[in-house]
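Asks: First the structure, then my questions, so here it is.
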Amino acid sequence: GGRVFVIAQAPQSKRPGRAHADSDERVLSGSGHGPLEELDLGDPVMARNIQAVRRTQSRDVPILLVGESGTGKECFARALHASSERAEKPFVAVHCGSLPEAQLTQELFGPTPAAAPDAQGRILQADGGTLFLDDVGELPLSLQARLLHVIEERELPAVGEPVRIDVRLISSSRTGLQEKVRRGEFRADLFYRLQGLALTLPPLRERKDKAALIRHVFAQESAATPSVTMGEELVEALKAYGWPGNIRQLRNVLRGMIAMRSSEELDAGGLPADYGAGEPESDAELPEEALILNPLEKAERGALLHEIELHHGNISRVAHELGIGRNTLYRKMRRLRIMLPARH
């Protein structure tokens, strides 16, 4: 009496052996392109990043991904691994900022043989594959020295003979590590080792492919419920938001809307109560004709006014930035009770 939904696609030789359950780990479905190409949705910065890793992929250059929390650094690292010759080997992620030093030491290098003779640390688990060090700037100085030794010597100290290892290293940081190096909080020699190729992942608010990315994330989140659709008005409202939590926040909003939906088409009325497009104007600041707007419309109005002010009233530039036509923008302004800029 149940229903099963299936996505069928042609096999690809360099895809990982299984799709991970977590949303940040899932293999992106779609077109026959490789996992890296599927992240290219039209943003020029992301396109350059993908081209750069493609050129260095066969050389096994360490990569440092820099970007705000939630911009998809681990997703990018997984796609890079899945597109490489190491795709059939393990991808092992270590979140360096989430554990105390003693626990992180065991996580990376494994417990002492006396405590757990057969246990392996994450570095050894990644042998032959890819090791992803998230928030690498949070590594304690004592562990930085040990990690540098592993990277340079390609071996893990052990009782008896050292253990040879072969890992592709990808690291990430929310900000550049140069300031930590300057303050003496991060070893300069390790920094230069990690930064074979440094790539910046743009925040969602700056991406030029925002509409395509919103639809892409929605397709992932609605894969188990293919009857659910998303209205264009909702796409426009989501585009207008600043997304301080980036793609992770967008994913959670869409996931919640799908779970709480009252119909099969999601619209702007289904946005959560605490959702707001930027800093909304207070009712005291709103013109009288705009007081009839609902809270979501007031928030959308504030975000649109911010864009208009940012582009000095140039409607063509605002429309281009939002990825909509001028006529659509004018209709939106009228609906939100925004007076057209005076023409001179």
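Asks: Do you know which residues across the stretch 314-332 are under 16 Å from ALA268 (Cβ atoms) and in a helix (DSSP H, G or I)?
Replies: Residues of the stretch 314-332 that are under 16 Å from ALA268 (Cβ atoms), as a first pass: 322, 324, 328, 331-332.
Passing the criteria: LEU322, THR328, ARG331, LYS332.
Asks: Okay, moving on. State the number of residues belonging to the stretch 213-233 that are crowded, with 16+ Cβ neighbours inside 10 Å and more than 21 Å from the chain's Cα centre (by Cα).
Replies: Within the stretch 213-233, residues that are crowded, with 16+ Cβ neighbours inside 10 Å and more than 21 Å from the chain's Cα centre (by Cα) number 2.
Yes or no, residue by residue, for (1) open to solvent by less than 10 Å² (accessible area, probe 1.4 Å); (2) over 21 Å from LYS208 (Cβ atoms); (3) in contact (Cβ under 8 Å) with a residue 12 or more places away in the chain; (4) in contact with a helix residue (DSSP H, G or I) (Cβ under 7 Å, 6 or more places away or on another chain):
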| site | (1), (2), (3), (4) |
| --- | --- |
| LEU36 | yes, no, yes, yes |
| LEU39 | no, no, yes, yes |
| GLY42 | no, no, yes, yes |
| GLN57 | no, yes, yes, no |
| PRO62 | no, yes, yes, yes |
| GLU68 | no, no, yes, yes |
| PHE76 | yes, no, yes, yes |
| LEU80 | yes, yes, yes, yes |
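Asks: Filter the stretch 211-228 down to residues that are within 20 Å of ALA8 (Cβ to Cβ) and in a helix (DSSP H, G or I), then give me how many there are.
Replies: Final tally of qualifying residues: 4.
Asks: So, one more: Do we have any residue at all in the stretch 134-141 that's hydrophobic (A, V, I, L, M, F, W, C) and part of a loop (DSSP other than H, G, I, E, B)?
Replies: Yes, the conditions are met somewhere in the stretch 134-141.
Asks: So, one more: Looking only at the stretch 155-199, which residues are assigned to a loop (DSSP other than H, G, I, E, B), open to solvent by 50 Å² or more (accessible area, probe 1.4 Å), over 18 Å from ASP135 (Cα atoms) and at pLDDT 90 or above?
Replies: ASP166
The values are calculated or read from the model by the stated rules, or taken from the named source; none is laboratory data. These numbers were taken from a predicted model, which means no experiment stands behind them. We place every Cβ from the backbone using ideal geometry, glycine too, and count neighbours over all the protein chains shown. Just so you know, the surface numbers come from the protein's heavy atoms only, side chains and all, with ligands and any DNA or RNA stripped out. Shrake-Rupley method; radii C 1.70, N 1.55, O 1.52, S 1.80 Å.
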